[in-house]
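Asker: Sharing a structure here in structure tokens format.
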Amino acid sequence: MTGPSAPPSGGRLSVWRVLVGVLVALTVVAGIVVVPWFLLRDEAAPGAATGPRWFGGYYDVTATDPPADVLPGSGSDAVVLAFVTAAPGDACRPTWGGVYSLAEAGDALDLDHRIAQKQQSGASVTVSFGGARGTELAGACASIGDLMNAYAAVLERYTVTTIDLDLERPALSDVLAGDRRAEAVARLQERQRAKGSELSVWLTLPAGQDGLGTDGLRSIRQLLQAGVQLSGVNAMTMDDGAPLAGRSMAAAAITSLTAVHDQLGRLYDDLHLALPAGGAWAIMGATPMIGHNDVHDEVFALDDAATLNAFAQKQRLARVSMWSLNRDRACDADRQDPAAASDSCSGVAQGDAAFAAVLGRGFTVTPTLLATPGPTASRSGSAAAPFTGSPAPPPASTPTPTRDP
């Protein structure tokens, strides 16, 4: 075979040939490799902006306790309502824990009225999608459009502008659902901006002593690469199961948070996204399970709450939450197993709302977190109609849609 001939010694290539060669090379590269624009920048692209620093406990909407007239917490507190999941049978319709449709929760739990009362008192109400039980909407909705409508139905009904995506298994490991979720949330944020306001998005993930797992880090990456303006990552520092080895629960939580902090720094740097002035701490949240945890011998006491709050204030964490407001009270004396976790009390000696008071020290809910008109997404596909099946059970018999308990 005859090889290519070399140019004459000392000869020059035509300028036009050089230009054509460069253009062909660029065309080939552009046709084969699609690189996100922010990866081509030498400097970091805009990332997360510093938002309000806030405390807001989770409130289990379908827990066994009868509903109060107004959601718990003082007028300055935020409340994170848990959890919106898909309807039974994995239908792409939002429900409260798979137990009540949005309309049924309004009737049986007076939820619409209670949310409105809370908002009128000056507090922020956030809705959390997901949890440990049931099916997260991204796993039930087959298309991005359907998923957007399902999310939007909740946002519009309750006029909330801050959402919490609580991803636990199996939702956490569902890659395709993660892609749908990321694209749907990015589009919802775009719609909100078109109306002159913002949709704040928090991602809540389980964290161990080594920080977030591979699935959690991928979930963050999916949202960021879809263009979601992520307000922060909230680490669930609970039910770790790692040996405490004489450490307190607060110390174990701080170890987890420090690992998450380092992971987020590396991830944002890898994506060429800038962190706020406070670094990764400024986009982080911490959520312990107060009192007796599901893991035997793990007890998060009031002293742990004080230590974690001091750490949050020192590092300027953006958010602290807790599981849950329903449990923020002492158990009745006749409780059968005081060492077991309950969905209605902490299992430790305390006054009512004592954990919220300690964990919430130093946090102030600013007006930017408060409710404003919701996104403009269509409400077609809303789950406002009751289920076509058995009626919703009364609150006293509804299961907890979250975790054990």
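The values are calculated or read from the model by the stated rules, or taken from the named source; none is laboratory data. Please read these numbers as outputs of a predicted model, since none were measured by experiment. Cβ: placed from backbone, ideal geometry, glycine included. Neighbour counts: every protein chain shown. Side chains included, ligands, DNA and RNA excluded: accessible areas come from the protein's heavy atoms. Shrake-Rupley method; radii C 1.70, N 1.55, O 1.52, S 1.80 Å.
Asker: With in contact (Cβ under 8 Å) with a residue 12 or more places away in the chain and open to solvent by 40 Å² or more (accessible area, probe 1.4 Å) as the only criterion, which of 143, 124 stands out? Before the answer, list the steps.
Answerer: On the way: 124 fails: open to solvent by 40 Å² or more (accessible area, probe 1.4 Å).
Answer to the check: 143.
Asker: With the checklist (1) open to solvent by 30 Å² or more (accessible area, probe 1.4 Å); (2) under 21 Å from the mean Cα position of the chain (by Cα); (3) over 20 Å from residue 362 (Cα atoms) in hand, flag the one item residue 244 doesn't pass.
Answerer: Tallying (1) open to solvent by 30 Å² or more (accessible area, probe 1.4 Å); (2) under 21 Å from the mean Cα position of the chain (by Cα); (3) over 20 Å from residue 362 (Cα atoms), residue 244 fails exactly one: (2).
Asker: Exactly one of these conditions fails for residue 113: (1) touching a residue at least 24 places away in the same chain (Cβ under 8 Å); (2) more than 20 Å from residue 231 (Cβ to Cβ). Give me its number.
Answerer: So the condition that residue 113 fails would be (1).
Asker: Shifting gears a bit: What are the pairs, 6+ residues apart or on separate chains, where a residue within the stretch 290-318 that is of a type in the set (Asp, Glu) has its Cβ under 6 Å from a residue that is buried (at least 19 other Cβ atoms within 10 Å of the Cβ)?
Answerer: Between residues of the stretch 290-318 that are of a type in the set (Asp, Glu) and residues that are buried (at least 19 other Cβ atoms within 10 Å of the Cβ), the close pairs are 294/341; 304/249; 304/250.
Asker: Same structure again: For the stretch 191-238, give me each residue that is within 22 Å of residue 154 (Cβ to Cβ), over 14 Å from the mean Cα position of the chain (by Cα) and in contact (Cβ under 8 Å) with a residue 24 or more places away in the chain. Don't jump to the end; show me each part of the working.
Answerer: Residues of the stretch 191-238 within 22 Å of residue 154 (Cβ to Cβ): 191-205, 219, 222-223, 226-234, 236.
When the remaining residues are screened for being over 14 Å from the mean Cα position of the chain (by Cα), the result is 191-198, 226-227.
191, 192, 194, 195, 197, 198, 226, 227, listed by residue number.
Asker: Right, something else. Would you mind stating whether residue 150 is closer than 14 Å to residue 92 by Cβ and not polar (S, T, N, Q)? If you could, list the steps in order and put the result at the bottom.
Answerer: Details: closer than 14 Å to residue 92 by Cβ: yes; not polar (S, T, N, Q): yes.
Criteria met by residue 150.
Asker: Can you spot a residue in the stretch 99-112 that is modelled with pLDDT of 95 or more, under 26 Å from residue 288 (Cα atoms) and in a helix (DSSP H, G or I)?
Answerer: yes
Asker: Still on this structure, please answer the following. Which residue pairs have Cβ atoms closer than 6 Å, lie 6 or more positions apart in sequence or on different chains, and pair a first residue in the stretch 156-174 that is more than 23 Å from residue 79 (Cα to Cα) and of a type outside the set (D, E, K, R) with a second residue that is open to solvent by less than 10 Å² (accessible area, probe 1.4 Å) and in a strand (DSSP E or B)?
Answerer: Hits for this filter: 171/130.
Asker: Look at residue 191 and say whether it is of a type in the set (Lys, Arg) and over 17 Å from residue 283 (Cβ atoms).
Answerer: Numbers: of a type in the set (Lys, Arg): yes; over 17 Å from residue 283 (Cβ atoms): yes.
Yes, satisfied.
Asker: Still on this structure, please answer the following. For the stretch 289-306, indicate whether the set of residues that are open to solvent by 10 Å² or more (accessible area, probe 1.4 Å) and under 20 Å from the mean Cα position of the chain (by Cα) is non-empty.
Answerer: no
Asker: So residue 92 passes all but one of these: (1) open to solvent by 10 Å² or more (accessible area, probe 1.4 Å); (2) over 18 Å from the mean Cα position of the chain (by Cα); (3) within 18 Å of residue 79 (Cα to Cα); (4) not acidic (Asp, Glu). Which condition number does it fail?
Answerer: The one condition residue 92 does not meet is (3).
Asker: What are the residues in the stretch 303-345 that are touching a Phe, Trp or Tyr at 6+ places or on another chain (Cβ under 7 Å) and in a loop (DSSP other than H, G, I, E, B), if any?
Answerer: To start, the set of residues in the stretch 303-345 that are touching a Phe, Trp or Tyr at 6+ places or on another chain (Cβ under 7 Å) comprises 305, 315-317, 319-326, 328.
Those that are touching a Phe, Trp or Tyr at 6+ places or on another chain (Cβ under 7 Å) and in a loop (DSSP other than H, G, I, E, B): 316, 317, 321, 322, 324, 328.
Asker: Taking the stretch 251-280 on its own, how many of its residues are open to solvent by less than 30 Å² (accessible area, probe 1.4 Å) and in contact (Cβ under 8 Å) with a residue 24 or more places away in the chain?
Answerer: Count: 13.
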